[in-house]
Amino acid sequence: MPEQIQRKLLIIDGNSLLNRAFYALPPLTNRDGEHTNAIYGFLTMLFKAVEEVKPDHAAVAFDLKAPTFRHDTYTEYKAGRKKMPMELAEQIEPLKEILDAMGLYRIQMEGFEADDLIGTLARMAESDGMTVAIVSGDRDVLQLVTEQTQVMITKKGITQMDVYDPDRFTEEYGIPVERFIDLKGLMGDSSDNIPGIPGVGPKTATKLLQEFGTIENLLEQSEAISNKKLKEKVDGHRQEAVLSKKLATIITNIPIELKMDDLRLGELSNPEVAALFRRLEFNSLLERISAPADFKSEKTADKHLWPEMTTIEALQELDGQVQQHQEITWYTLTDTNAEGWPSPVAAAFTIDGNTGWWLDCRNGSYVALARAWIIKWLGDPSILKKVHDLKLEKRAWGTVQIPFNGAPFDVMIADYLINPSKAAYDLEALSLHYDGQKVVTSKELWGTGLKRKKQTELDMEAMVAYLVQRTALIHRLTPELKRQLQELEMLSLYESVEMPLAFVLAEMESEGIELDAALLKDFEITYAKRIDDLIKQVHEVAGTEFNLNSTKQLGEVLFVRLNLPPVKKTKTGYSTDVAVLEKLKNEHAIIPLILEYRQMTKIKSTYIDGLLAIVNAGTGRIHSTFHQTVAATGRISSADPNLQNIPVRTEMGRQLRRVFVAREGWQLIDADYSQIELRIMAHLSGDPGFIKAFKEEADIHTRTAAEIFQVSEESVTGEMRSSAKAVNFGIIYGISDFGLSNNLNISRQQARLYIDDYLHRYASVKTYMDEMVTRARDKGYVTTLLHRIRYIPEINSKNFNLRSFGERMAMNTPIQGSAADIIKVAMVRVADELKKGNYQARLILQVHDELIVEAPPEEVEPVSLLLRQAMEEAAELSVPLKVDLSVATNWFDAK
DNA sequence: TACAATTGCAA
DNA sequence: TATTGCAATTGTA
């Protein structure tokens, strides 16, 4: 026989619990002065009840002000009741708002009391075969107790409850629960102004009922009452007894039009609830609804009912539903496979977010089929696709080369655009932020460090919970994220730039760049030898062996043993950075050796060894990851390895670029924007001097030097130019005299003079910078050319350092961010044009203002043209965008 | 094993 | 006390 799952209905007596909570708790208000104690107490009791009862259905019943049939029957009904205090009355509506947000069924009807609704619901549920739990602070509802229905009455305080079933009732009251209404009929109820029989209290009433059973019997056989005085009382108030019983009887057959299914209980917590809790300052309750994800709890149990896809038919059914509903949400658990590529471990799919399927990819069955569906969905513009991290999905499923139609909605990127300053955009963070809820984390699923599980060792239950939670989350968050993008006017940035860019980045990652491994090996040997020599020499000169990599030990040797003058301190000891060492260069023969050691080890460990360790064995190429949701300004970042910080400034470092090569017979086309940030500054500030300079193709730093040093361009010396260059950079970064003095090794006063001269000459720049700071202060954020936003809360800080930092961000972000906007547009266009022109050439690298394309020789010419055009026309500014372009077989020669 | 601190590479 | 990043290494919790 199949196991019957017992369904449970929880009914809350709304007014009664609210009253209890109000009088049980001291007054509480939030900072707006709203009273909150009753709501807080109510919710505490509600959570407690849900926890104990574990219902799958629930309803909350309320009274309305309107008179009920009981008033018609007995005009004195509930007369003399104290009016509800204002402080309580004002809490009813907010509570109802919360209950609605929780998706709890709220029931109230004119002409009936909450008790009657509760009774009716209870009987309906019983006849559906359900069990019922009623929570109230009012003992009247005890009459509803049956074998199927238990009643929980709050004790003193708000967390303790007495639970009544028929036995417990009889034990306490000495009569069967069916006689409860007779008891009330005899006793009356002063709080409801129900008369009963005067002089008959609980003791007497119980005794009478034990003897006669019901009021009707008692009245019929009143002759048999032995106590003469009591008999007189009963006979004298027969009508009152009958009326009182009638008033006390809860009606259980109100015609209510609802199905049990309407009462189905979902997740109580969601963004709306969290927001309401935040408004009311229910911090402990907020924590409660974001309690650690317990994937084994009842709460999420039904979600585990998503079946596993084990047949082709299931996959076909999924696709059928996708076609029918024209949408699909999916999420893939990925891992790095033996070849070093992201690959699917398992995935889940849903149409409506409530139910779906999950697919185990580990044994390979149906993976190809699932992949085929994903390809089909990606290619169908009419199907709405909701995902998290599309770039990873594309790579994991091996669909990078597959063309797409109709932009998918990527909640990760959407969240980033809405607030680019967050620390993380994984679904763990998303869930916490928007739902106030925890999901099974990656750490929890995989374990960490040496204990990290293999794919085959994953806990199945945890894995399914992981998939289901996340897939449902993506589905649930999509509308809200979309709405916010629209509100912030970033839909176009999202649809036309960021989303297509995700596809381009996926291609770049999987394409990679070739390394000349043999050359790199040569470097390795040369560097190892030289470093070894240097270590020996340093130890000899120092007269002691120590770890040269340790700043602590080095500081000890330099400033204690060798008695060199300490130049600068860090918070933990002596500073030994390059600026310090440069100042000591002539003080001791050890210093130049250390400087060379530093330079060589930097290159060897980070670049030579680092790159050798990460070359893909299969392709012989480097496949960096381009992060689209890391930099708060909108830039892309590169990691594992970082290809955006390959040395170029020193000759020795620069040589390293020879190992980055085009594939056999092909060429690298390197195109970089000339002075893009200063051009953007010219555009944004509208400064006539700058605009003119760029229109005339002047050397901008020389021109700046001529302006601020008041000389002709011909007489600008190299030193003047580099000072001007430093000032130009400083301006972009949000200048300070201290920063510039540090950078140029000049006095702060001198730096101040440079800056003042500059801002005097370029007054529009000053106006523009001031405007950005003011705007950030007033609105809380700044924006870029394409409406990318960045909030700057620091700008109103009382802390000087923090505030200053905020001001520099306000000045720099529109410039750096707009440059990011522009090159992103260019990348999308380049990739698009290459595809349209059927070129073999592909974009393989981006370094903020530089794009590198790998092309076969016959395509170099047309692709160079296409590349330059796409980049120079990526934005229409009041100054031209200029691109420098160069072609070679390796990155060193292409620069 | 995880994290902070220092250092240094790029735009 | 100049903007945005990533990473190697040491040393400590």
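So how many residues does segment A:251-269 have that are assigned to a loop (DSSP other than H, G, I, E, B) and crowded, with 20+ Cβ neighbours inside 10 Å?
Filtering segment A:251-269 for residues assigned to a loop (DSSP other than H, G, I, E, B) gives A:251-259, A:265-269.
Narrowing the set further to residues that are crowded, with 20+ Cβ neighbours inside 10 Å leaves A:265, A:268-269.
The number of residues fulfilling the criteria is 3.
Before we move on, is A:Met681 surrounded by fewer than 21 Cβ atoms within 10 Å (Cβ to Cβ) and among the hydrophobic types (A, V, I, L, M, F, W, C)?
Taking the combined requirement at face value, the residue does not satisfy it.
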Q. Considering A:Pro880, A:Pro857, which residue is touching a Gly at 6+ places or on another chain (Cβ under 8 Å) and not charged (D, E, K, R)?
A. A:Pro857
Q | Number of positions in segment A:683-707 that are more than 13 Å from A:Ile731 (Cβ to Cβ), β-branched (Val, Ile, Thr) and in contact (Cβ under 8 Å) with a residue 24 or more places away in the chain | A | 1
Q. Quick one: how many residues across segment A:744-762 are surrounded by 16 or more Cβ atoms within 10 Å (Cβ to Cβ) and within 16 Å of DNA strand B (Cβ to nearest atom)?
A. 1
Q | Flag for A:Arg635 being basic (Lys, Arg), in contact (Cβ under 8 Å) with a residue 60 or more places away in the chain and more than 16 Å from DNA strand C (Cβ to nearest atom) | A | no
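For segment A:133-149, give me each residue that is within 41 Å of the chain's Cα centre (by Cα) and of a type outside the set (Val, Ile, Thr).
The answer is A:Ala133, A:Ser136, A:Gly137.
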Q: Answer yes or no: is there a residue in segment A:814-834 that is more than 16 Å from DNA strand B (Cβ to nearest atom), of a type in the set (D, E, K, R) and without any contact (Cβ under 8 Å) to a residue 40 or more places away in the chain.
A: yes
Q: Filter segment A:62-113 down to residues that are over 30 Å from A:Asp435 (Cβ atoms) and hydrophobic (A, V, I, L, M, F, W, C), then give me how many there are.
A: 10
Q) Among the residues of segment A:514-530, is there at least one that is crowded, with 16+ Cβ neighbours inside 10 Å, among the β-branched types (Val, Ile, Thr) and either part of a helix (DSSP H, G or I) or within 16 Å of DNA strand C (Cβ to nearest atom) (or both)? A) no
Q.
Residues to consider are A:Asp72, A:Asp100, A:Asp115, A:Asp32; find the one that is modelled with pLDDT under 85 and assigned to a helix (DSSP H, G or I).
A. A:Asp72
Q.
Taking the criterion of being within 50 Å of the chain's Cα centre (by Cα) and under 25 Å from A:Tyr23 (Cα atoms), would at least one residue in segment A:117-132 satisfy it?
A. yes
(Q) Being under 18 Å from A:Thr633 (Cβ atoms), touching a residue at least 12 places away in the same chain (Cβ under 8 Å), surrounded by fewer than 22 Cβ atoms within 10 Å (Cβ to Cβ) and not hydroxyl-bearing (Ser, Thr, Tyr) is the filter here; which residues of segment A:413-450 pass it? (A) A:Ile418, A:Asn419, A:Pro420
Q. Within segment A:388-410, which residues are closer than 18 Å to A:Thr350 by Cα, of a type in the set (Phe, Trp, Tyr) and assigned to a loop (DSSP other than H, G, I, E, B)?
A. A:Trp397
(Q) Out of everything in segment A:533-554 that is touching a residue at least 24 places away in the same chain (Cβ under 8 Å) and part of a helix (DSSP H, G or I), what residue ends up being nearest to DNA strand C (Cβ to nearest atom)? (A) A:Thr551
**Q.** Tally, over segment A:855-895, of residues that are more than 25 Å from A:Leu643 (Cα to Cα) and either of a type in the set (Phe, Trp, Tyr) or part of a loop (DSSP other than H, G, I, E, B) (or both)
**A.** 7
Q.
Here are the criteria: (1) within 16 Å of DNA strand C (Cβ to nearest atom); (2) touching a helix residue (DSSP H, G or I) at 6+ places or on another chain (Cβ under 7 Å). Tell me which single one A:Gln749 does not satisfy.
A. (2)
Q | Condition broken by A:Glu850, with the remaining ones in (1) in contact with a strand residue (DSSP E or B) (Cβ under 9 Å, 6 or more places away or on another chain); (2) of a type in the set (Asp, Glu); (3) more than 16 Å from DNA strand B (Cβ to nearest atom) satisfied | A | (3)
Q. A:Ala671 passes all but one of (1) closer than 30 Å to A:Arg790 by Cβ; (2) within 10 Å of DNA strand C (Cβ to nearest atom); (3) of a type in the set (Gly, Ala, Ser); which number fails?
A. (2)
Q | Of all residues making up segment A:662-705, the number that are under 30 Å from A:Glu859 (Cβ atoms), β-branched (Val, Ile, Thr) and more than 16 Å from DNA strand B (Cβ to nearest atom) | A | 1
Q | Residue pairs meeting the criteria (Cβ under 6 Å; at least 6 apart or on separate chains; first over 18 Å from A:Ile12 (Cα atoms), in segment A:52-70; second surrounded by 18 or more Cβ atoms within 10 Å (Cβ to Cβ) and aliphatic (A, V, I, L, M)) | A | A:Arg70/A:Leu247
Q) Can you tell me which of A:Asn586, A:Asn547, A:Asn563 is within 14 Å of DNA strand B (Cβ to nearest atom) and either under 39 Å from the mean Cα position of the chain (by Cα) or surrounded by fewer than 18 Cβ atoms within 10 Å (Cβ to Cβ) (or both)? A) A:Asn547
Q. What residue, among those in segment A:640-664 that are more than 15 Å from A:Ser605 (Cα to Cα) and out of contact with any strand residue (DSSP E or B) (no Cβ under 8 Å at 6 or more places or on another chain), is farthest from DNA strand C (Cβ to nearest atom)?
A. A:Glu664
(Q) Where the second residue is more than 12 Å from DNA strand C (Cβ to nearest atom) and the first is acidic (Asp, Glu) and lies in segment A:570-583, which pairs have Cβ atoms under 8 Å and are six or more apart or on separate chains? (A) A:Asp577/A:Lys568; A:Glu582/A:Leu595
Q.
Just to be sure I understand, how many residues within segment A:566-583 are within 8 Å of DNA strand B (Cβ to nearest atom) and within 21 Å of A:Met600 (Cβ to Cβ)?
A. 7
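The values are calculated or read from the model by the stated rules, or taken from the named source; none is laboratory data. Everything quoted here is computed from the prediction, not taken from an experiment. As a convention, Cβ positions derive from the backbone with ideal geometry for all residues, glycine included, and neighbour counts pool all protein chains shown.
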